Structure formats: C-alpha cells, structure tokens
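Q: Mind looking over this structure? Questions follow.
The values are calculated or read from the model by the stated rules, or taken from the named source; none is laboratory data. For clarity, every value in this text was computed on a predicted model and none was experimentally measured. Every residue, glycine among them, receives a Cβ derived from its backbone with ideal geometry; neighbour counts consider all protein chains shown. We work out accessible area using only protein heavy atoms, side chains counted, and drop any ligands, DNA or RNA first. Shrake-Rupley method; radii C 1.70, N 1.55, O 1.52, S 1.80 Å.
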Amino acid sequence: MEIQKIEHIGIAVKDLNKSIKFYEDVLGLKCYKIEEIKNQKVKTAFFKVGDTKIELLESTDNEGPIGKFIEKRGEGLHHIAFGVDNLKSSLSELFDKNIKLIDVEPKEGADDLNIVFIQPKATNGVLTELCETKK
Ligand code: ZN
C-alpha cells in the first residue's frame with residue numbers, strides 16, 4: 001500500500017468545547033468543523049495543522065468506543081490515521097498479510113473520509129486508521 005501522509009491524529013476528550021478552547025485560545029489553531037458521527041457514538045472537532053489534522057473525539061454514549069476508551073485509559077491519544085489513495089486495495093493487502101482488522105469493510109468516518117481501523121494488537125498497541133477522501 002502507499003501511505004500518503006498522516007491524515008490526522010485522534011485524541012479522546014471528555015469535554016469537546018473545553019478542549020476546542022485550548023486548541024484555539026492557547027495553540028492558536030482554528031476549529032473548522034464539528035461533526036457528530038452517529039455510528040461511532042462520537043462528536044468530533046477538526047483542526048488543520050500544516051498538511052495534517054487533529055481530530056478531537058468526545059463520546060456521545062458511555063457504551064461507545066470513545067466512552068469505553070476514556071473509562072479504561074482516560075483522555076489522551078486515541079489513534080493515528082494514515083491517508084491512502086486506495087482504501088479497498090489497502091484493505092485486501094491487509095487481509096492477504098493476515099493483519100487483524102476491526103473493520104472488514106470501509107465505513108463512513110468524519111470529515112468526508114472512508115475509514116478502516118486495524119486492531120491495536122497488530123500494531124504494537126497503537127490503534128491505527130487507514131482512510132481515503134470520499135470521491
Ligand atoms: Zn480518525
């Protein structure tokens with residue numbers, strides 16, 4: 001597969017508005033989008049940082065993946081997302097290499113991306129997302 005860049009870094013937060021304030025008032029970044037992703041039970045906020053982005057994730061449901069993550073490990077770094085040009089072919093490459101995936105089919109992510117997650121067990125503990133911009 002061909003990784004093009006680090007598309008974004010996902011950070012789990014308890015309070016989206018409070019966190020946005022830090023990124024805007026202290027780091028001087030500008031939140032350009034707030035989006036709720038119902039199928040993942042999260043509300044997200046995005047900031048551009050050069051060629052990459054920060055994605056803040058607040059849980060909308062304690063039973064959702066971010067809710068469970070924060071309960072277990074607290075706030076903090078949640079995942080790294082690599083941009084690929086062809087998600088389908090990247091996915092079949094992972095299948096061929098027997099890499100354990102959380103998603104067997106691309107699903108809709110925030111900010112106009114199709115995404116898949118690779119199991120942290122396969123990536124030395126780092127939840128890893130591959131994504132491509134929707135065409
Ligand atoms: Zn992400």
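Q: Among the residues of the range 84-101, are any within 20 Å of Lys134 (Cβ to Cβ) and touching a Cys at 6+ places or on another chain (Cβ under 9 Å)?
A: Checking the range 84-101: at least one residue is within 20 Å of Lys134 (Cβ to Cβ) and touching a Cys at 6+ places or on another chain (Cβ under 9 Å).
Q: Identify all residues within the range 102-125 that are touching a strand residue (DSSP E or B) at 6+ places or on another chain (Cβ under 6 Å) and among the hydrophobic types (A, V, I, L, M, F, W, C); write none if there are none.
A: Ile102, Ala110, Leu113, Ile115, Val116, Phe117, Ile118
Q: Quick one: count up the residues across the range 1-38 that are touching a strand residue (DSSP E or B) at 6+ places or on another chain (Cβ under 7 Å), within 28 Å of Asn62 (Cα to Cα) and either part of a helix (DSSP H, G or I) or at pLDDT below 95 (or both).
A: Total meeting the criteria: 6.
Q: Take the range 62-100 and flag every residue that is under 21 Å from Lys5 (Cβ atoms), open to solvent by 20 Å² or more (accessible area, probe 1.4 Å) and either of a type outside the set (Gly, Ala, Ser) or in contact with a Ser or Thr (Cβ under 7 Å, 6 or more places away or on another chain) (or both).
A: Passing the criteria: Leu77, His78, Ile80, Phe82, Asp85, Asn86, Lys88, Glu93, Ile99.
Q: Right, something else. Hey, could you check the range 22-50 for residues that are touching a Leu at 6+ places or on another chain (Cβ under 7 Å) and over 21 Å from Lys5 (Cα atoms) and say which is most open to solvent (accessible area, probe 1.4 Å)?
A: Across the range 22-50, the extreme among qualifying residues is Lys43.
Q: OK, next. When the range 102-135 is examined, which residues are found to be among the hydrophobic types (A, V, I, L, M, F, W, C) and within 15 Å of the ligand (Cβ to nearest atom)?
A: Ile102, Ala110, Leu113, Ile115, Val116, Phe117, Ile118, Val126, Leu127, Leu130, Cys131
Q: Sticking with this one: Before we move on, is Glu129 closer than 22 Å to Glu35 by Cα, in contact (Cβ under 8 Å) with a residue 60 or more places away in the chain, open to solvent by 70 Å² or more (accessible area, probe 1.4 Å) and of a type in the set (D, E, K, R)?
A: Considered against the rule, which asks whether it is closer than 22 Å to Glu35 by Cα, in contact (Cβ under 8 Å) with a residue 60 or more places away in the chain, open to solvent by 70 Å² or more (accessible area, probe 1.4 Å) and of a type in the set (D, E, K, R), Glu129 comes out as no.
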